[in-house]
Each structure stands twice: as structure tokens, then as C-alpha cells.
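To start, the structure itself, in C-alpha cells.
What follows draws every value from the coordinates through simple rules; no lab data is involved. Treat the numbers as computed from the prediction; the structure is a model and nothing was measured. Here the Cβ positions follow ideal geometry from the backbone for every residue, glycine too, while neighbour counts run over all protein chains shown.
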Amino acid sequence: MTTHDDPTWHPETLAVRAGYDPASAGNSAKPPITMTSTFAYKSARQAKDIHEAYFSGTGPEAGKPNHIYARLGHPNLDMVEARLAALDGAEAAAVFNSGMATHSAIALAHLRPGDSVVFSRPIYGGTNGLLTQFMPNFGVKPFAFTDGCDRADIERSVELALAAGPLKLIVIETPANPTAAMVDIALIVEIADAIGMRTGTRPLVVVDNTLLGPLMQRPIALGVDLCMTSLTK
Ligand SMILES: Cc1ncc(COP(=O)(O)O)c(C=O)c1O
């Protein structure tokens, strides 16, 4: 939520208002489109401070809503990210160019050589390829379970993954594409918590919420760490 947002707004209102203050743009009811890739600064000093704030999080510009390059952030992206975070009930959101760019960024950010990952099957073909064909090239070991409502089936693949290396991610898609198979989100969170207690390393739980979206399913409220949605759906 940004400062002008009202925490009592219903999802229908969040979907059209969150993250945008009309007063910031001459009271335009709809946000103007920002057509730039680069941004101007008052001085070379300020440019340096803004870059330092972005890359190191330090200096006099840290925490301010500045931009340095549109791919990294721009006013419209800020608005969409704030709106998606509000709809998901998340602390923050990051927008990528596609759903698979999101899955790839999650995997590359959180998996290291020797780590294992557990995922639900069926899962979108691109995600399956990422986890079973691409990530093993970097030493990551994938393990799947097929009944996302059966604790024993999930725990079987979790034990194999723990024996193979530190288990860092549990990636689930529910309902799944294309069969609409369900995974019990709360059960997965419970299992991740138990792994954390037992090993000292709690795997992050990632939910692909593409098929229902945040208006019909709110995984963050069930305790998951990362929730992604492919907006093309
Ligand atoms: C469940 C699910 N997740 C992820 C993706 C990938 O999204 P994108 O096509 O935006 O890369 C898709 C695409 O169909 C999908 O159905």
C-alpha cells in the first residue's frame, strides 16, 4: 500500500486505485504513461547519490522514490507493483516481463549448486523445463510430488530432496495448468516450517497463483513466502 491508499478498500477498489495518487499527476483520474528509459538529476552529485541508494541502499537518497533506468523501475511500474502487492496482501511486488521470467528470477535468486528444489506435478511446462532441465545444469537437484493433498506423498519427495542437498525452495502451482489439480497450500507451509525446525533451513514456499489470481486465492495469507501470477492469463 502507498500512503494515499486506504487499508479498508475492497479488492475491487484496490484493483483500480491502489498505488496511484491522482494529486501526483495534476489530478488525472488515470495515471499518465511515463515514456522514458532514463531520468534527469539536479546535479552529478545527486545522480551519484541516487545510484548509490539503488545499488547499495545507502547514502542521502536511500529510501526515496527515485529512478535510474526504466527496466529497473519507473513511475508506472511503481504503481503496478504497489497495486499487485495490495491485491496479494504482500509486503512488496516485483514485475517481470513474463511469468517465466519471474520463475527464472526466483530460481536464480534462491538456488545454488548443490541445493535441491521440490515442486508439484502437474506444473506448467515452462516451469517443469526450468526446474528439471535448466537448473540441473547449475547443480540444482529437482524432486516432484504428484498428490498435493497427500502429506505422505509430499513428505516422500521432501525426504529425497533433503538427502540430496539443502532444500531451499518448494514450488507449487495450484490449481495446476492444465488439469486444475490442487495443492493444499497450508499443508505445504506446515511442512516447510517443520523442515526449518528440523534442519535450521526453512525452504521458501513459492505459489504460482496464475489460474485463480489474487481475487480468488490469497496464498500470502496462508503463510507462503513468494506468490507469482502470469498476467497474460
Ligand atoms: C500456470 C502458469 N504459470 C506460468 C506461466 C508462464 O507465464 P508466461 O507465459 O507469462 O511466461 C504460464 C503460461 O501459460 C502458466 O499457465
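Find out how many positive minus negative residues lie around ASP184, taking Lys and Arg as positive, Asp and Glu as negative, among other residues whose Cβ is under 12 Å from that of ASP184.
Residues near ASP184 contribute -3 overall.
Dipole of the chain computed with +1 at Lys/Arg Cβ and -1 at Asp/Glu Cβ about the Cα centre; of ALA82, ILE185, THR8, farthest Cα towards the positive end is ALA82. Pairs of Cα atoms nearer than 8 Å and 6+ residues apart set the relative contact order; for region 65-195 it is 23 percent. Given in Å, the Rg to one decimal and the Dmax to the nearest whole number for the Cα atoms of region 55-155 are 17.5, 53. Take every Cα pair under 8 Å whose residues are at least 6 apart in sequence, average their separation, divide by the length of the chain, and the relative contact order is 15 percent. Per residue, the Cα convex hull of the chain amounts to 152 Å³.
Take the Cα of ASP6, step 7 Å toward its Cβ, do the same at HIS51, and the gap between the two points is 4.4 nm. Taken along the Cα-to-beta-carbon direction at a fixed 7 Å, the label points for ALA92 and LYS233 span 2.6 nm.
Kindly count the pairs of lysines across the chain whose alpha carbons are less than 25 Å apart, treating pairs on different chains or eight or more residues apart as eligible. Going through the chain pair by pair, I get 5.
Once the chain from LYS42 to THR201 is taken as fully extended at 0.36 nm per residue, the excess over their C-alpha distance is 52.7 nm. Along the charge dipole of region 73-217, Cβ charges K/R +1 and D/E -1, which of THR210, PHE134, PRO122 sits furthest on the positive end? Value computed over the given set: PHE134.
Find which of ILE50, ALA164, PHE96 sits farthest along the positive direction of the dipole of the chain, computed with +1 on the beta-carbon of Lys and Arg, -1 on that of Asp and Glu, about the Cα centre. The Cα lying farthest towards the positive end belongs to ILE50. About its Cα centre, the dipole of region 161-233 is roughly 120 debye, where the only charges are +1 on Lys and Arg Cβ and -1 on Asp and Glu Cβ.
The H on the amide N of LYS168, modeled in the peptide plane, is under 5 Å from the matching H of SER116, each at least 5 residues off or on a different chain. The charge dipole of region 99-228, taken about its Cα centre with unit charges on the Cβ of Lys, Arg, Asp and Glu (plus for the first two, minus for the last two), comes to roughly 320 debye. Rounded to the nearest 0.05, what FRET efficiency do ASP147 and VAL80 give with R0 = 25 Å and r taken as the Cβ-Cβ distance? Could you check? It comes to 0.10.
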